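K.L.:
What follows is a structure written as structure tokens; I'll ask about it next.
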Amino acid sequence: MVKKLFFLLCMFIFIGLAYDVHAQTINERIAGKDRFEVAVNISKKGWTDGSDVVILANYNAFADALSASTLAYKYNAPILLTHGDRLTDSTREEIRRLMPREVIVIGGYATISSDVINQLKQIGVSTVRRIDGKDRYEVAYNIANELPASQTVIIAYGLAFADALTIAPYAAQNAYPILLSNKDNISNGVLRYISENNVNQIIIIGGEGSISKKIENELQENRSVTRISGADRYEVSVNIAKQLMGSNRKFFVASGLTFADALTGSILAAKENAPILLTRPNVLPSSIQSFIHQNSASQFVILGGNASVQQNIFDKMFGPLAGIKIVVDPGHGKRDTGAIGNGLLEKEVVLDIGNRLKTKLNRAGAIVIMTREDDSYPTLSERVEIAHKNGADAFVSIHLNSNEKSSPNGTETYWNSRYASEESKRLAEEIQKRLVKNLGTKDRGIKQGNFYVIKYTKIPSVLVEVAFISNPEDAKKMATSTYREKAAQAIFEGILQFYKSE
């Protein structure tokens, strides 16, 4: 009975903590054992009562399918996936459930064979038609001609999938065709569509490494040309959401390394007026983290299983410090050893504590910027510049204290009143009291200090003197991994409480 009560108590505590962290966030994953089943589950969620039309694409040939999202949105149709020569069982059963009057096959016979067409007819689909072309550019052009004529077009790189898929929800909602081009030469499909429809507005998706400046200049004659780019595909997806999708609290998230989940999820995202953000499978890009934090995002739909978007991505998005940029500054480095005492070098101890702190902050969803991660020495001004250049939200410098005498001991934390004084003071208070508690050191309090890195950093900034390297008892603690871990945990808890109380 006692064990049962203890278990229930632990469960209530866990649920309470989970609610505290994620109270404002709703999240969902649409997964499956493979990409076919993911597409089916997306279809089941978005088309509960069936659909008159289904779009069918090859699971392994992204090129033909890149422009299919706008067509699917026009017909309010899900996109399902197939092998080139056969339907999977899950796709076949979903088509039966949807009971479409028409299936539109995207791509030529080399992409989806006549055997698939026959299988569709065998399960009762009355009309099956194909949109194809001699290449991906012509397929995109032919899909565009299925849409209402538009004087605005989207142009994306035809040899990669990411840019075309992240623009898909916006393009679909506005019935803008997605046309494909090479990097340096405008495809015939683009030129034909522009000429035939008197296009006067063009949105290029991707940087000059995808669509060159040469093409942009050629298209600008008598037309408005806008480019949405970024440092990589992940930042491009962020910039599309920022510039085109308005104020959103809901986002779809898919792997940026495979196309299938983003393709089949793009129509559901469009139906729910939500952008698609791309991520690495196991690391949430900092551009995505920052965007989520800045927009106070409250609902996410993850497209794909754990192999596509790993569970730790949830921690990055939903953690209590999600998207907050924190600079961790282990003091000294290289030839500047810092204080030396009792067999310890300050630079080595604080680097170890800093790296431990980084791990904890990352797990809570923070974006951590280290001023050094090895035995290097950034100058004081460079450390400040790192914070400013990265748009950091807080700066924590880690040090060990020293004295000519061995008797002084304990922990103290410094702040400066020049910039963000109230926040810096409060951050110092939160860190100081937890360090003293965790380490069992003497409480020397918080103090104002003129240390360069906290005086000139224009954000909440503190400098922590964890313990005295010159004191035998303090140094004995700092020599152990146990107390370094306790120090990192205390600083982490102080940062966490600082942001929880904001």
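K.L.:
Checking the structure you have, find out if any residue of the range 367-376 is crowded, with 22+ Cβ neighbours inside 10 Å, over 22 Å from A420 (Cβ atoms) and touching a residue at least 12 places away in the same chain (Cβ under 8 Å).
P.N.:
yes
K.L.:
Follow-up. Of all residues in the range 191-202, which are assigned to a helix (DSSP H, G or I) and either of a type outside the set (S, T, Y) or farther than 15 Å from T70 by Cβ (or both)? Steps first, answer last, please.
P.N.:
Here is the first cut: in the range 191-202, the ones assigned to a helix (DSSP H, G or I) are 191-196.
L191, R192, I194, S195, E196, listed by residue number.
K.L.:
Within the bounds of the range 471-487, is there any residue that is farther than 24 Å from L345 by Cβ, of a type in the set (V, I, T) and surrounded by fewer than 24 Cβ atoms within 10 Å (Cβ to Cβ)?
P.N.:
First, pick out the residues of the range 471-487 that are farther than 24 Å from L345 by Cβ: none.
No, because not a single residue in the range 471-487 is farther than 24 Å from L345 by Cβ, of a type in the set (V, I, T) and surrounded by fewer than 24 Cβ atoms within 10 Å (Cβ to Cβ).
K.L.:
Only one of these conditions is not met by Q243: (1) outside any loop (DSSP other than H, G, I, E, B); (2) of a type outside the set (G, A, S); (3) in contact (Cβ under 8 Å) with a residue 24 or more places away in the chain. Which number is it?
P.N.:
Just one mismatch for Q243, condition (3).
K.L.:
Which one of E412, E385, E373, E346 is more than 24 Å from M478 (Cβ to Cβ), acidic (D, E) and assigned by TED's automatic domain parsing to the domain that holds I446?
P.N.:
Just a single option satisfies the conditions, and that option is E385.
One line per residue, one yes/no per condition, for (1) at pLDDT 95 or above; (2) not aromatic (F, W, Y):
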| residue | (1), (2) |
| --- | --- |
| V40 | yes, yes |
| K45 | yes, yes |
| V53 | yes, yes |
| L56 | yes, yes |
| A68 | no, yes |
| Y73 | yes, no |
| N76 | yes, yes |
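K.L.:
Still on this structure, please answer the following. Go through the range 406-429 residue by residue and tally those that are hydroxyl-bearing (S, T, Y), in a helix (DSSP H, G or I) and buried (at least 19 other Cβ atoms within 10 Å of the Cβ). Give the steps one after another, and end with the answer.
P.N.:
Filtering the range 406-429 down to residues hydroxyl-bearing (S, T, Y) leaves 406-407, 411, 413-414, 417, 419, 421, 424.
Among the residues that remain, those that are also in a helix (DSSP H, G or I) are: 421, 424.
Pick out the ones that are also buried (at least 19 other Cβ atoms within 10 Å of the Cβ) and you get 424.
Matching residues across the range 406-429 total 1.
K.L.:
Pick from the range 287-312 the residues that are assigned to a helix (DSSP H, G or I) and within 22 Å of I167 (Cβ to Cβ): which of them is modelled with the lowest pLDDT?
P.N.:
Of the residues in the range 287-312, the ones assigned to a helix (DSSP H, G or I) are 287-294, 312.
Still in the running and within 22 Å of I167 (Cβ to Cβ): 287-292, 294.
On the way: S287: 89, I288: 87, Q289: 81, S290: 82, F291: 85, I292: 78, Q294: 75.
So, considering only residues that are assigned to a helix (DSSP H, G or I) and within 22 Å of I167 (Cβ to Cβ), the one modelled with the lowest pLDDT is Q294.
K.L.:
Taking the residues in the range 1-34 that are among the charged types (D, E, K, R) and under 21 Å from the mean Cα position of the chain (by Cα) as candidates, determine which candidate is modelled with the highest pLDDT.
P.N.:
Here is the first cut: in the range 1-34, the residues among the charged types (D, E, K, R) are 3-4, 20, 28-29, 33-34.
When the remaining residues are screened for being under 21 Å from the mean Cα position of the chain (by Cα), the result is 28-29.
Details: E28: 89, R29: 92.
Only one residue fits best here, namely R29.
The values are calculated or read from the model by the stated rules, or taken from the named source; none is laboratory data. If you're wondering where the values come from, they're calculated on a predicted model, not measured in any experiment. Every residue, glycine as well, gets a Cβ built from its backbone with ideal geometry; the counts of neighbours run over all protein chains shown.
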